[in-house]
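FYI, it's all coordinate maths here, none of it is from the lab. Keep in mind that what you see is a predicted model, and the values were worked out from it rather than measured. All Cβ positions, even for glycine, are placed from backbone atoms using ideal geometry, and neighbour counts span all protein chains on display.
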Amino acid sequence: MDWTLAIDRNRDALLRMLALLLSMTGSGAGAVVPRYVYNEALRILRPAESAFRRLIVIAAYVWRQKIRAGKPRPGLSGPVTVTRGEGERAPVFALFDRRKHFNFNNFPPVTRGNPRVWTPGMDYPVFETKVVPTPYDPVSAARLCRRLQALQRALGDLPAQARRLARWRAKRERAAADAVKYPPMRPGNPPGHRARKWHEVDEILSNCHALALYVLHDPPDTS
């Protein structure tokens with residue numbers, strides 16, 4: 001298999017998805033979009049992020065002879081004081097999937113009816129009307145734009161993201177044997193997976209996930 005061609009094709013496809021998302025939401029920090037645009041962008045962004053994480057895993061294994069993890073960073077001793085500088089920190093793409101949380105005892109409370117408001121002097125209680133959100137309500141897209149900026153910066157330098165993963169792998173090998181070592185890809189279906197594919201990004205995620213599983217179980221010989 002031509003792994004370089006597979007990486008380039010999937011990266012180009014993700015760049016098309018990114019261009020689509022930027023045209024939908026804009027790149028400004030104070031962007032405000034309708035609710036239906038926000039929800040539609042999230043439906044595309046989640047699988048696109050998962051697909052790129054798997055593309056980083058593929059690149060890290062295929063280019064493992066070319067990239068270097070670098071020297072380990074020295075540990076910090078004593079209390080650490082974190083100061084916030086001027087301006088906002090550039091968003092960084094997350095290399096790890098969001099973990100699943102299983103809590104079967106924390107059920108949301110069941111609400112029946114609307115709350116009644118009554119104060120002395122009123123003849124009868126007043127029922128508060130519940131405001132139902134509409135698809136055209138304005139929604140802030142600030143957090144969404146930061147995720148898009150992080151994805152854009154990461155897509156622009158895939159070898160740097162592969163080196164980040166190599167540094168994490170080297171750090172995990174130096175860790176204690178009883179330390180918890182989570183892999184970048186969570187077990188099961190990736191975040192944003194949909195059984196019924198309705199968008200091009202679903203096919204991209206399926207391809208990247210299958211290729212990542214292949215290199216993890218049977219790493220290609222690229223020496």
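On a full-extension model of 0.36 nm per residue, what is the gain between residue 23 and residue 200, subtracting their alpha-carbon distance, rounded to one decimal in nm?
62.1 nm
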task: Grab the Cα-Cα distance for residue 31 and residue 96, subtract it from 0.36 nm times how many residues apart they are, and report the gain in nm with one decimal.
output: 20.7 nm
query: Amide H to amide H under 5 Å from residue 139: which residues, 5+ apart in sequence or cross-chain, H placed 1.01 Å off N in plane?
result: 33, 35
statement: Most exposed to least, judged by fewest other Cβ atoms within 10 Å, 134, 4, 25 sort to 134, 4, 25
statement: Here the gain from full extension of residue 216 to residue 132, 0.36 nm per residue of separation minus their alpha-carbon distance, amounts to 25.6 nm
- line: For the residue 12, residue 89 Cβ pair and Förster radius 35 Å, calculated FRET efficiency rounded to 0.05 is 0.75
- prompt: Once a ≥ b ≥ c are taken as the square roots of the eigenvalues of the Cα gyration tensor of segment 150-215, is the result rounded (a/c under 1.5), prolate (a/b larger than b/c) or oblate (a/b not larger than b/c)?
  reply: oblate
